[in-house]
Amino acid sequence: MTQYAKLKNKAKRAFIKRQYTQALTLLSLAHTFNTNSKESLQLNVLCALADMAIEHEEEARALFEYYHIISKKNEQEASEMLLSMIDNFDKNIYALNLAITRLEDIEVDKNDGILYADFETLAKKIGFKEAFEDLMFSSKIIFTSKSDFLIFMQNLVEYGFKDVAIHYFENIGDMLFFDKDFANLYQKILHKES
């Protein structure tokens, strides 16, 4: 077995053991011993998956399994398709971050809006439903993080404001659908409708 093959196999084992940084190091070394362009494509896929797994482990592991299955049929085609999928995933994450940043950057006059933290304090005192009904037509709620917005959306559904939640989804656009948490919530809303 060549040095390249040994390093590549060690990198795969490191990935399976969730040692993504080690996998990246081994794959970098494997690149130095590789002379085959077809195998370079495979290394690029493994590097992209290990890099992705550092922040999005569940998605990267699912793609790794998928790649393992489809590469048996046509490895080159599978590698190209997976690199495209990872690239699209990265673009969608970037788009979601832009949407959230847009929400954060909206300048609202203090008389026209309330920070989510202040809304949350009010909701703890009088209840979410009452707090939301009091502010629904008079104030905008200003979100500064994705997690706050997700909690708010979940509360809208839980307290019977699913139409308002759907309205939020429609106004933000497709970018939220690329985030697993928001996509799951949207499915939950649609399931409650039927």
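The values are calculated or read from the model by the stated rules, or taken from the named source; none is laboratory data. The structure presented is a predicted model; accordingly, all values stated were derived computationally and were not measured. So basically every Cβ, Gly included, is an ideal-geometry build from the backbone, and we count neighbours across all protein chains shown. Just the protein is used for accessible areas: all its heavy atoms, side chains included, with ligands, DNA and RNA removed. Shrake-Rupley method; radii C 1.70, N 1.55, O 1.52, S 1.80 Å.
A few points about this structure:
- FRET efficiency estimate (nearest 0.05) - Cβ-Cβ, Glu58 to Tyr94, R0 22 angstrom: 0.70
- Karplus-derived 3J(HN,Hα) values for region 53-61, using 6.51 cos²θ - 1.76 cosθ + 1.60 with θ = phi - 60°, are 5, 4, 10, 10, 4, 4, 5, 5, 5 Hz; glycine and proline are entered as x.
- Applying the Karplus relation 6.51 cos²θ - 1.76 cosθ + 1.60 with θ = phi - 60° to region 156-161 yields 3J(HN,Hα) values of 4, 5, 4, 9, x, 10 Hz, where x marks Gly and Pro.
- Here the chain has 50 percent of its accessible surface on carbon and sulfur atoms, given a 1.4 Å probe and all protein chains in place.
- Helix content alone sets the calculated 222 nm mean residue ellipticity of the chain: runs of n ≥ 4 DSSP H residues at -39500 (n - 2.57) each, divided across all residues, give -25000 deg cm²/dmol.
- Per residue, the accessible area of the chain comes to 61 Å², computed with a 1.4 Å probe over protein heavy atoms only.
- Surface listing: Ser40, Ser147 arranged by accessible area from highest to lowest gives Ser147, Ser40, probe 1.4 Å.
- Ranked from largest to smallest solvent-accessible area, with a 1.4 Å probe on the protein heavy atoms, Met153, Met81 come out as Met81, Met153.
- Cα shape, region 1-104, gyration tensor, a/c 1.5 rule: prolate
- Remark: spin-label model distance Thr2-Glu170 equals 5.8 nm, labels positioned 7 Å along the Cα→Cβ axis.
- The angle between the Cα long axis of helix 20-33 and the main principal axis of the chain comes to about 30°, on a 0 to 90 degree scale.
- Annotation for Met136 and Lys188: the two label points, set 7 Å from Cα along the Cα-Cβ direction, are 2.0 nm apart.
- With the whole protein complex present, His56 retains an accessible surface near 50 Å², based on a 1.4 Å probe.
- Whichever lysines have a C-alpha closer than 29 Å to that of Lys72, once near sequence neighbours (fewer than 8 apart) are set aside: Lys6, Lys8, Lys10, Lys12, Lys17, Lys38, Lys91, Lys180
- Between 0 and 90 degrees, the angle of helix 116-126 with respect to the longest Cα principal axis of the chain falls at about 50 degrees.
- Summarising the amide proton neighbourhood of Gly113: residues at separation of 5 or more, or on other chains, whose placed amide H is nearer than 5 Å comprise Lys140.
- Degrees between helix 75-105 axis and first principal axis of the chain (Cα, 0 to 90, nearest 10): 30 degrees
- Among the listed options (i) 15.9, 44; (ii) 22.5, 71; (iii) 18.1, 54, the one matching Rg and Dmax of the Cα atoms in Å as calculated from these coordinates is (ii).
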